[in-house]
Amino acid sequence: MYSFSQIKQNQPDYILAATAGILLVFGIIMLAGISTSVWQTETTDSFYSFTHQLLYGLIPGLVLGAAAFFVPISFLKKWSPALLLINLVLLAMVFLPVIGISSGGASRWIDLGVISFQPSEFLKLTFILYLGTWLSARSQRSKTKARKTKFSLLGPEVKEAFIPFMVILGLISLILILQPDIGTLGLIVITGILMYFLIETSIWHTIIMLGIGLTSLFTLIKVAPYRVERFLIFLQPETDPMGIGYQVNQALIAIGSGGIFGMGLGMSGQKFGFLPRPMSDSVFAIMAEEIGFIGSVVLILLFLTLLIQGFKIAQRQKDKFCQLAAAGISCWITLQAFINIGAIIKIIPLTGIPLPFISCGGSHLVVELIAIGILLNISRNR
């Protein structure tokens, strides 16, 4: 006979599951409303994007997420290096002339005929799993504990962790810069540094990484004219309101039109051709217009709940890999949400990163549902 505490130990985190479910349902409802306005002049099927999201995002995502929930954690840990290697090969394949798809000056997609997908979206998860495996192994071999060298710039962990970590990040950065996909690169780098920090390495290593990252970001902005323009427009969007600043200005108009309580679901006016990319990058602006300030705050609180529950799951784990994977997944999804929202409300420059569970796009939705499945799987181990 099992005691109540033993039964409870094998149960997943229902708060996390409910939070992800609410975000998912809310996203589907929003896309259904936006889809009719966006596609009615482009296709006879006014629900094209909605059905596309269901067939190539929601359904395969739920199936693979369920599989991730039941797969043994030891399997993920063992095969994480192979998964990352396969992902890196797929990232390189976007440059092939036959199956690689280029759009807007970027090479980020692979077309296999039946389906097309974005390998960089899957890299967010495979990198976290690999990094969790690698860092947990380094942590177990470390002779120092509790940051005995936290103010030391040099030490055995430089060769054991710091240099190999920078090499891994450097390889991934090179591939993503060539695509280019700077938004995804920034998200992966920040998540990786947070995971590195969590294994109680020298705080100076984290400071050095942040310094290198900020310097590299400044360099990448400076060498590309369109990035310079995007950064300048972020500072003064009114200088080119009908050009590169158009999306930011229209997004702010949509958010302001929503007021406190919103105009009501389906009542957005900006989605009718005024706001660029209302189903992907700018979906939060349409949501804010329809559900208002209060609804937007509730949405942000849902993502914060996901982050809090993810860290609670990490704290309950004795296995270092489970700790790092849970923390990495929850940080990645929440950080991505806040970057998307921050860009739309003009806190940071536009990045093109989708809003998790809500923006239109099959690749990101599939990998996010897989990540939630893994997180729920980890939560059963208390």
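Summary table
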read-out: Residues C360, C331, sorted so that the one with the fewest Cβ neighbours within 10 Å comes first; value: C331, C360
read-out: Simple label model, 7 Å out from Cα along Cβ direction - F261 to Q11, nm; value: 3.7
read-out: Alpha-carbon spread of the stretch 271-314, three principal axes, descending order, Å; value: 43, 20, 7
read-out: Spin-label pair L83/L220, simplified geometry with 7 Å Cα→Cβ offset, distance in nm; value: 2.4
read-out: Gained length - I348 relative to F274, 0.36 nm times residue gap less alpha-carbon distance; value: 24.5 nm
read-out: Length added when fully stretched, L96-I294, from 0.36 nm per residue minus Cα-Cα; value: 66.6 nm
read-out: Length gained when the stretch I207-V63 is fully extended (0.36 nm per residue, less Cα-Cα span); value: 47.8 nm
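Only the coordinates and a few stated rules stand behind these numbers; no lab work does. Treat the numbers as computed from the prediction; the structure is a model and nothing was measured. Heads up, the Cβs are rebuilt from the backbone with ideal geometry, glycines too, and the neighbour counts pull from every protein chain shown.
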